[in-house]
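Notes to accompany the following structure.
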Amino acid sequence: MDDTEKTYVVLPLADHTHTVILLHGRDSTAAEFAEEFFESQASDRRTLCEIFPNFKWVFPNSGQRNSTRFEMEMAQWFDIWSVEEPENRKELQVAGLTESVAFILNIIRDEASSVPPEHIFLGGISQGCATAIHALMHCDIQLNGFIGFCGWLPFQEEIETITKNTTTAGSLQEIRSILKPTSSDSYISARGQPYGKSKSALSTPVFLSHSLDDPIVPVSNGKKLYQDLNCLGMTVIWKAYEDGGHWINEPQGVDDMVDFLQNIVTV
């Protein structure tokens, strides 16, 4: 296994109490994302490892998948024709997104052998955020929180139609039916029960941030993600910043994320 396939792990500086699972963006790797992520500083100049010494940070790798548009193998959680207009050629997204969701759910299950599920955070940036939000919707458990940057919601049109026409519980079941599990083993919960029977994941608090000058994923896509999660009854904090590009605004965006984590962290 080469470095583009390994999960990148940063161990806590003190006793392990919580785990954060963060997914990198398209055409990136876990190691690259982790390195840049930990260079981000809050306004007091502290790094995230210093602010949260009891946190274990897990950065999974997407591996290489064929890009239909670019006719080459590249690091991506699922194939997509356009991140600017993710509704285009949606059929390309199903297989990879299904596999990646199953992969992330298994990581959650593994991490829950070390800490309670309610001490686990999930999130990601860009396509990693898009993948992680679908993984969250397939969870049968409430996590401690979700943090997403520069993201969007795959199959947004279908999900909006579902939320308009069904109850919250029914909406979640129909959303889960968009993706088809690759195997039953991939959808086993951290508590040993099947995923997909409970709406408790909708109780997971969410933090989303996006910069207005993002040149890769339009901020309007992130705003739609925020609105659609609200329609599902989730508690969502939405932050938009004037600058920051396709990354986390500094230092205010880091401060806001830190505040979110500190306010909801389960003791």
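Every number here is computed from the coordinates shown, using simple stated rules; none is lab data. Just so it is clear, the model here is predicted, and its values are computed rather than measured. Cβ atoms come from the backbone with ideal geometry, glycine included; neighbour counts cover every protein chain shown.
Numerical summary
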quantity: Ranking of Phe121, Phe103 by count of other Cβ atoms within 10 Å, fewest first; calculated: Phe103, Phe121
quantity: Two-site label geometry, Leu212 and Arg45: point separation in nm, points 7 Å out along Cα→Cβ; calculated: 3.0
quantity: Of Asp213, Asp15, Asp228, the one that fluctuates the most in a GNM where the chain has Cα springs shorter than 10 Å; calculated: Asp15
quantity: Computed lengthening from Lys164 to Glu36, 0.36 nm per intervening residue step minus Cα-Cα distance; calculated: 42.2 nm
quantity: Ranking of Thr29, Thr47 by count of other Cβ atoms within 10 Å, fewest first; calculated: Thr47, Thr29
quantity: Cross-link pairs beyond the 28 Å C-alpha cut-off, checked among Lys56/Lys90; Lys164/Lys223; Lys6/Lys224; Lys164/Lys239; Lys6/Lys239; calculated: Lys56/Lys90; Lys6/Lys224; Lys6/Lys239
quantity: Helical contribution to [θ] at 222 nm, DSSP H n ≥ 4, -39,500 (n - 2.57), averaged over the chain, rounded to 500; calculated: -10000 deg cm²/dmol
quantity: GNM flexibility winner over the chain from Gln76, Gln127, Gln156 (Cα, springs under 10 Å); calculated: Gln156
quantity: Exposure proxy order (Cβ contacts within 10 Å, fewest to most) of Tyr241, Tyr226; calculated: Tyr241, Tyr226
quantity: P(r) histogram, all alpha-carbon pairs of the chain included - 5 Å bins from 0, percent; calculated: 1, 6, 14, 19, 21, 19, 13, 6, 2, 0
quantity: The chain - charge dipole about Cα centre, Lys and Arg +1 at Cβ, Asp and Glu -1, debye rounded to 20; calculated: 1020
